[in-house]
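Undergrad: Pasting a structure here, questions to come.
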Amino acid sequence: MMDSGLWVGVLTALTALGASYITARATSRAALTQARTAALAQALREQRDRRRATYREMMRCAHDFSEVTWQIDDVDAAGDREGEDRLLTRMYERIGPAIGGLNRATHEVRLDGPADVSVAAEHVRQMARRLQPRLKALIGAGSPERREEYDSAFREFRDAYLAFITRAREALEVRDEDPAL
């Protein structure tokens with residue numbers, strides 16, 4: 001009887017140790033999974049915050065560029081060729097640094113991605129660079145064709161900028177399948 005009681009005690013102890021081991025492994029795996037999920041969620045939040053800041057900078061630079069181009073209304077209101085040329089020259093002097101800001105911001109967007117937003121930012125930059133020589137062509141030329149080329153280039157810039165905003169907004173959206181939720 002003592003022998004069977006001893007065996008029952010040993011089996012009970014071994015069962016308890018086995019169950020404890022299995023429980024400890026499951027708890028450890030659950031904790032590891034939870035830690036990985038939390039780390040991934042934090043990384044995704046940081047990525048989204050970094051992208052948001054980068055996209056805002058791109059938008060600020062595009063706005064600075066637009067502020068220069070919007071002065072064309074002042075040129076139209078000038079009334080005399082000399083006044084128009086003076087304003088156009090001032091605009092042309094300011095547009096270079098504005099494009100420089102767009103260049104820097106575009107490079108940052110390229111780093112933060114995603115690819116479709118990077119492509120949209122590059123398109124904004126290219127359309128801004130396309131507008132610059134059209135602005136210069138207006139200086140000293142009262143031709144309506146030159147002005148139409150400028151206006152057309154500005155519309156293309158604006159359309160590219162609006163497309164960038166759409167892509168950036170989509171990239172920042174939180175989706176149901178996002179593991180950060």
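The values are calculated or read from the model by the stated rules, or taken from the named source; none is laboratory data. Just so it is clear, the structure is predicted and the values come from calculations on it, not from any experiment. Here the Cβ is made from the backbone with ideal geometry for all residues, glycine too, and neighbour counts use every protein chain on show. Just the protein is used for accessible areas: all its heavy atoms, side chains included, with ligands, DNA and RNA removed. Shrake-Rupley method; radii C 1.70, N 1.55, O 1.52, S 1.80 Å.
Undergrad: Restricting to region 122-152, give me the number of residues that are hydrophobic (A, V, I, L, M, F, W, C) and closer than 18 Å to C61 by Cβ. Don't jump to the end; show me each part of the working.
TA: The first filter runs over region 122-152 and keeps only residues hydrophobic (A, V, I, L, M, F, W, C), leaving 124, 127-128, 131, 135, 137-139, 141.
Applying the additional criterion that residues be closer than 18 Å to C61 by Cβ yields 124, 127-128, 131, 135.
Residues meeting the conditions: 5.
Undergrad: Restrict the check to region 114-121 and report whether at least one residue is surrounded by fewer than 21 Cβ atoms within 10 Å (Cβ to Cβ) and within 18 Å of C61 (Cβ to Cβ). Give the derivation first.
TA: Residues of region 114-121 that are surrounded by fewer than 21 Cβ atoms within 10 Å (Cβ to Cβ), as a first pass: 114-116, 118-119.
From what's left, within 18 Å of C61 (Cβ to Cβ): 118-119.
Scanning region 114-121 turns up at least one residue that is surrounded by fewer than 21 Cβ atoms within 10 Å (Cβ to Cβ) and within 18 Å of C61 (Cβ to Cβ).
Undergrad: Here is a follow-up. Do we have any residue at all in region 85-100 that's exposed (fewer than 12 other Cβ atoms within 10 Å of the Cβ) and more than 21 Å from P133 (Cβ to Cβ)?
TA: No, that holds for no residue.
Undergrad: Against the condition over 30 Å from N103 (Cβ atoms), part of a helix (DSSP H, G or I), over 51 Å from the mean Cα position of the chain (by Cα) and among the hydroxyl-bearing types (S, T, Y), how does T12 come out, does it pass?
TA: Working: over 30 Å from N103 (Cβ atoms): yes; part of a helix (DSSP H, G or I): yes; over 51 Å from the mean Cα position of the chain (by Cα): yes; among the hydroxyl-bearing types (S, T, Y): yes.
In short, yes.
Undergrad: Just wondering, is there one or more residues in region 136-144 that are over 14 Å from the mean Cα position of the chain (by Cα), crowded, with 20+ Cβ neighbours inside 10 Å and within 30 Å of R50 (Cα to Cα)?
TA: So the first thing to find is which residues in region 136-144 are over 14 Å from the mean Cα position of the chain (by Cα), and the list is 136-144.
Right, trim to crowded, with 20+ Cβ neighbours inside 10 Å and you get 138.
Narrowing further to those that are within 30 Å of R50 (Cα to Cα): none.
Looking for residues that are over 14 Å from the mean Cα position of the chain (by Cα), crowded, with 20+ Cβ neighbours inside 10 Å and within 30 Å of R50 (Cα to Cα), one finds none in region 136-144, hence no.
Undergrad: When L17 is evaluated against the numbered criteria (1) under 19 Å from R158 (Cα atoms); (2) aliphatic (A, V, I, L, M); (3) open to solvent by 80 Å² or more (accessible area, probe 1.4 Å), which criterion, by number, is the only one it fails?
TA: (1)
Undergrad: Continuing with the same structure: Is it the case that some residue within region 156-168 is modelled with pLDDT under 90 and either open to solvent by 20 Å² or more (accessible area, probe 1.4 Å) or among the hydrophobic types (A, V, I, L, M, F, W, C) (or both)? Spell out the reasoning first.
TA: We begin by selecting, within region 156-168, every residue modelled with pLDDT under 90; these are none.
Taking every residue of region 156-168 in turn, none turns out to be modelled with pLDDT under 90 and either open to solvent by 20 Å² or more (accessible area, probe 1.4 Å) or among the hydrophobic types (A, V, I, L, M, F, W, C) (or both).
Undergrad: So which of T54, T12, T37 ends up being hydroxyl-bearing (S, T, Y) and closer than 30 Å to A160 by Cα? Don't jump to the end; show me each part of the working.
TA: On the way: T12 fails: closer than 30 Å to A160 by Cα; T37 fails: closer than 30 Å to A160 by Cα.
So the residue among T54, T12, T37 that is hydroxyl-bearing (S, T, Y) and closer than 30 Å to A160 by Cα is T54.
Every residue, every condition in (1) charged (D, E, K, R); (2) in contact (Cβ under 8 Å) with a residue 12 or more places away in the chain; (3) touching a helix residue (DSSP H, G or I) at 6+ places or on another chain (Cβ under 6 Å), yes or no:
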residue	(1), (2), (3)
L17	no, no, no
I22	no, no, no
A41	no, yes, no
D49	yes, no, no
E57	yes, yes, yes
